[in-house]
Amino acid sequence: MILSKKEQKLREFCIEENLELYRNELEIIFNEIEVAGCIISAGTDEHSSQHIFEKDGCRIRISLQK
């Protein structure tokens, strides 16, 4: 089964970062970010999340630091 990019990102956040309890909330947030035309990525080396403007659009890097 091939997962969509959004499902892959949800899996990364939920399974790898142990956030499965928050899957529904994360999916709502990811949907809102997609509707706004932004790309979602995980930031494991940042202490805070970032909104970055790139030539192809914007990116929301969500910090996953424990």
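Read-outs: derived from the displayed coordinates by stated rules, not from any lab. None of the values given here were measured: they were computed from a predicted structure. We place every Cβ from the backbone using ideal geometry, glycine too, and count neighbours over all the protein chains shown.
At 222 nm, what helix-only mean residue ellipticity would the chain give, in deg cm²/dmol to the nearest 500, using -39500 (n - 2.57) for each DSSP H run of four or more? Don't jump to the answer; show the numbers that get you there.
Working: 2 runs with 20 residues, N = 66.
The helix contribution divided over the chain gives -9000 deg cm²/dmol.
Output wanted: per-residue J couplings in Hz (rounded whole) for the range 35-43, from phi through Karplus 6.51 cos²θ - 1.76 cosθ + 1.60, θ = phi - 60°, x for Gly and Pro.
My calculation for the range 35-43 gives 4, 6, x, 9, 9, 9, 9, 9, x Hz in order.
I need the per residue convex hull volume for the chain, using only the alpha carbons, in cubic angstrom as a whole number.
Values: hull volume 6.5 nm³, N = 66.
Cα-based convex hull of the chain, divided per residue, equals 99 Å³.
Taking the Cβ of residue 34 as the centre, find all other residues whose Cβ is under 11 Å away and add up their charges (Lys, Arg: +1; Asp, Glu: -1).
Numbers: positive: 5, 6, 9; negative: 27, 32.
So the environment of residue 34 carries a net charge of +1.
Across the range 3-15, in residue order, what do the Karplus-derived ³J(HN,Hα) couplings come to in whole Hz, using 6.51 cos²θ - 1.76 cosθ + 1.60 with θ = phi - 60° and x for Gly and Pro?
In residue order, the calculated couplings are 8, 5, 4, 5, 5, 4, 5, 4, 4, 4, 6, 6, 7 Hz.
Taking 0.36 nm per residue of separation and subtracting the Cα-Cα distance, what length does fully extending residue 18 through residue 52 add? Working shown, then result.
Values: separation 34, 0.36 × 34 = 12.24 nm, distance 2.54 nm.
Extending this stretch completely gives an extra 9.7 nm.
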